[in-house]
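A.B. asks: The structure's right below; bear with me while I get my questions together.
The values are calculated or read from the model by the stated rules, or taken from the named source; none is laboratory data. Computed from a predicted structure; not experimentally measured. All Cβ positions, even for glycine, are placed from backbone atoms using ideal geometry, and neighbour counts span all protein chains on display. Each accessible area value is taken on the protein alone, full model and side chains, heavy atoms only, with ligands, DNA and RNA left out. Shrake-Rupley method; radii C 1.70, N 1.55, O 1.52, S 1.80 Å.
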Amino acid sequence: MKLNSIFFTIALIMLFGCVSDSNETEPASQITLNFNHYWDEYGITNTDLNSLSFINEFGNLLSIERLRYLISGIVLTKEDGRIIEIQGYNLTDISNETSLTYIPEELVEHGYYSNISFIFGFTNQNNTDGSYIDLNSKSWNVPSMLGGGYHFMQMDGKFLNNENQEQGYNYHAIRAANSPDNTVSQDTFFKVDLGAFNATIDTEINISVNIAEWFKNPNTWDLNELNQMLMPNYEAQIMMYENGQDVFSLIIND
């Protein structure tokens, strides 16, 4: 009887030991997204604001006085095809150094990921009036007569016009709608695929934001023609959407 009891005890230990092993989870940590701004190869910080220092593809000499944009809907794709969706959003403001780093609350399993992506702006499902108290307080709303919801980007500054005089511009991206009746609209949020990365205990994903691309590809942007009142300009919003496709990329560290 004693021998049977010993064998029974050993069997229980082995059984529960195996169950415990099968329930072990992979180590996980937070990831950090760093947004690094450039004008082509030239790095930009808040010290470069408010100065006529940049020349766009058309040849306009311009300044950047404010640049804010929204990213949301981060999605991670595992090597085996599994999808991990991360909730939340970040309003990146080039004049606010803290906002240039975004650390989502969710923990991410360590390992290789074939892609990380995010949404520039909000999807239609998330782009609903008055839903975000912090964005409301930052005057990020879009008037209902222009379709409502929220901005995707605000870029403001000055440029030298054809008379060689300083003139203001407001390059604001929203969901495209043909005002005043908004009977025709088009989605202008877009998905940014950054590519593969390895998640470890201290994972930093460095993202290049080439501001010059907003003015050059595929639409060469002449600020003399398109400088203000762009939010109700349906065609201009489509052009911004098209130009934004090459703005963001992953910085590969050697």
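A.B. asks: Extension gain Thr123-Gln245, at 0.36 nm per residue separation less the Cα-Cα distance, in nm? If you can, show how the numbers build up before the last one.
C.D. replies: Numbers: separation 122, 0.36 × 122 = 43.92 nm, distance 1.58 nm.
Taking Thr123 through Gln245 to full extension adds about 42.3 nm, to one decimal.
A.B. asks: For a paramagnetic label modelled at 7 Å from the Cα of Ser144 toward its Cβ, which residues of segment 96-137 fall within the zone defined by backbone nitrogen distances under 14 Å?
C.D. replies: 129-131
A.B. asks: Right, another one. With r as the distance between the Cβ atoms of Ser29 and Glu163 and R0 = 51 Å, compute the FRET efficiency 1/(1 + (r/R0)^6) and round to 0.05.
C.D. replies: Working: r = 56 Å, r/R0 = 1.09.
The computed FRET efficiency comes out at 0.35.
A.B. asks: So, for segment 151-254, what is the accessible surface per residue at a probe of 1.4 Å, expressed in square angstrom?
C.D. replies: Details: 4840 Å² over 104 residues.
I get 47 Å² per residue for this part.
A.B. asks: Treating the beta-carbon of each Lys and Arg as +1 and of each Asp and Glu as -1, no other charges, what is the dipole magnitude of the chain about its Cα centre, to the nearest 20 debye?
C.D. replies: Working: 10 positive and 33 negative charges, 128 e Å.
Charge dipole of the chain: 620 debye, to the nearest 20.
A.B. asks: Between Rg and the Kirkwood Rh of the chain, both from Cα atoms, what is the Rg to Rh ratio?
C.D. replies: Details: Rg = 24.1 Å, Rh = 20.7 Å.
Value, to two decimals: 1.17.
A.B. asks: Which of the aspartates and glutamates could be linked to Lys78 by a straight reach, that is with a Cα gap under 16 Å, when you skip same-chain ones fewer than 8 residues away?
C.D. replies: Glu26, Glu106, Glu109, Asp193
A.B. asks: Given the Cα-Cα distance of His110 and Asp134 and 0.36 nm per residue of separation, how much length would full extension add, in nm?
C.D. replies: Values: separation 24, 0.36 × 24 = 8.64 nm, distance 3.15 nm.
Result for the pair: 5.5 nm of gain on full extension.
A.B. asks: From the phi of every residue in segment 79-88, what ³J(HN,Hα) in whole Hz does the Karplus formula 6.51 cos²θ - 1.76 cosθ + 1.60 yield, where θ is phi - 60° and glycine or proline is x?
C.D. replies: Working through the residues one at a time gives 4, 8, x, 5, 10, 10, 9, 10, 7, x Hz.
A.B. asks: Counting only protein heavy atoms, what percent of the accessible surface of the chain is carbon or sulfur at a 1.4 Å probe? Let's see the in-between values first.
C.D. replies: On the way: 6800 of 13530 Å².
After summing per-atom areas, the C and S share lands at 50 percent.
A.B. asks: Choose one of Pro104, Leu146, Ile133: the residue whose Cα lies farthest towards the positive end of the charge dipole of segment 91-178 (beta-carbon charges +1 Lys, Arg; -1 Asp, Glu; about the Cα centre).
C.D. replies: Farthest towards the positive end: Leu146.
A.B. asks: Can you give the convex hull volume of the alpha carbon atoms of segment 89-152 per residue, in Å³?
C.D. replies: Numbers: hull volume 8.3 nm³, N = 64.
About 130 Å³ per residue, rounded to a whole number.
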